[in-house]
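> Could you have a look at this structure, given as structure tokens, before my questions?
The values are calculated or read from the model by the stated rules, or taken from the named source; none is laboratory data. Since the model is a prediction, treat every value here as computed from it, not as a measurement. Here Cβ is always computed from backbone atoms with ideal geometry, including for glycine, and neighbour counts include all displayed protein chains. Areas reflect the complete protein model, heavy atoms only, side chains present, ligands, DNA and RNA absent. Shrake-Rupley method; radii C 1.70, N 1.55, O 1.52, S 1.80 Å.
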Amino acid sequence: MILAVGNITVRDIFDAAVAMSSGLTADHDGPITCHPNGWGAVWVNKEDSNTFHYFRSTFPLFKADFETTPLAGSAPHMIAIHARHATVPTKIGLRFAHPLVRTSGAPSKEWHFMHNGFTPTVHKLIGLEDSSFDSDEYFSYLLGSDDGNLSINTLMTKLDLIPDGNSSGNAFLLTQDRAFIIHYVFPGCRYESYFQMHQLVGAGFKIFSSEPIPSLAAMSAWKALKKNSVIELSLEIRHDYR
């Protein structure tokens with residue numbers, strides 16, 4: 001997954017996501033390099049900062065033609081892209097593609113969610129007997145019933161309460177005015193370097209990515225995110241990202 005905010009070029013971010021999804025930028029200890037089971041994007045255009053646009057597909061991202069996607073011709077202030085590898089082979093199809101979307105709260109807000117990892121024990125915390133779609137259950141748990149009070153502290157508290165048996169909780173949790181970037185690797189995870197997230201900060205932009213992307217900047221410019229941390233980011237158009 002990759003999330004970019006500020007002075008960005010949509011094609012550059014798309015190409016970076018394609019490179020990750022095909023394994024071209026893989027440099028980690030994990031067995032997964034290719035993500036063929038669909039993709040999705042969510043973005044906010046500069047001329048209308050209150051409107052989220054999103055798209056989901058069952059088609060592999062690395063086979064997508066940018067010019068035929070809804071991203072062509074867009075000028076986003078914020079964009080996040082997710083390429084999926086199905087941990088459970090039967091969980092393939094449009095309903096499993098990210099972003100996951102729901103409206104919650106009063107006044108209502110639209111929330112978008114992307115997750116990289118496997119969280120099969122979270123269902124226990126939302127009153128379900130069994131897990132049917134771990135990312136959706138994880139989304140429900142993090143959002144809760146009082147999403148207006150979401151903060152770094154409340155999210156970290158929730159993450160620390162999740163029962164053992166998961167890999168990663170890495171996620172983007174987005175609404176109209178803010179984004180939470182979650183980098184969380186659960187105890188016992190076998191592939192910590194695979195789940196290490198990275199950040200790139202430039203003049204007027206920030207990028208968060210599952211892997212450093214050399215086409216966007218030199219590898220030395222990318223910084224590893226602190227393990228088990230949450231970043232809250234304003235999505236205001238005039239925000240200073242430097």
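> Need a quick list: strands (runs of 3 or more DSSP E) entirely within region 1-95 having at least 3 residues that are modelled with pLDDT of 90 or more, closer than 25 Å to G204 by Cβ and not aromatic (F, W, Y). Spell out the reasoning first.
Working: elements: 2-6, 39-45, 52-57, 76-83.
Qualifying strands (runs of 3 or more DSSP E): 2-6, 39-45, 76-83.
> Filter region 101-123 down to the residues that are open to solvent by 10 Å² or more (accessible area, probe 1.4 Å) and touching a residue at least 60 places away in the same chain (Cβ under 8 Å), then identify the one that is farthest from F55 (Cα to Cα).
G117
> Got at least one residue in region 2-18 being more than 25 Å from D177 (Cβ to Cβ), open to solvent by less than 60 Å² (accessible area, probe 1.4 Å) and out of contact with any Leu (no Cβ under 7 Å at 6 or more places or on another chain)?
Checked region 2-18: no residue is more than 25 Å from D177 (Cβ to Cβ), open to solvent by less than 60 Å² (accessible area, probe 1.4 Å) and out of contact with any Leu (no Cβ under 7 Å at 6 or more places or on another chain).
> Now, a different point. For the list (1) over 28 Å from I8 (Cβ atoms); (2) open to solvent by less than 10 Å² (accessible area, probe 1.4 Å); (3) assigned to a loop (DSSP other than H, G, I, E, B); (4) not hydrophobic (A, V, I, L, M, F, W, C), I need the number of the one condition that H98 fails.
In the conditions (1) over 28 Å from I8 (Cβ atoms); (2) open to solvent by less than 10 Å² (accessible area, probe 1.4 Å); (3) assigned to a loop (DSSP other than H, G, I, E, B); (4) not hydrophobic (A, V, I, L, M, F, W, C), H98 misses (1) alone.
> Let me ask something additional. Let me confirm something: among G169, G93, which residue is open to solvent by less than 60 Å² (accessible area, probe 1.4 Å) and under 13 Å from the mean Cα position of the chain (by Cα)?
G169
> For R84, are the conditions met, namely being more than 21 Å from S167 (Cα to Cα), in contact with a helix residue (DSSP H, G or I) (Cβ under 8 Å, 6 or more places away or on another chain) and in contact (Cβ under 8 Å) with a residue 40 or more places away in the chain?
no
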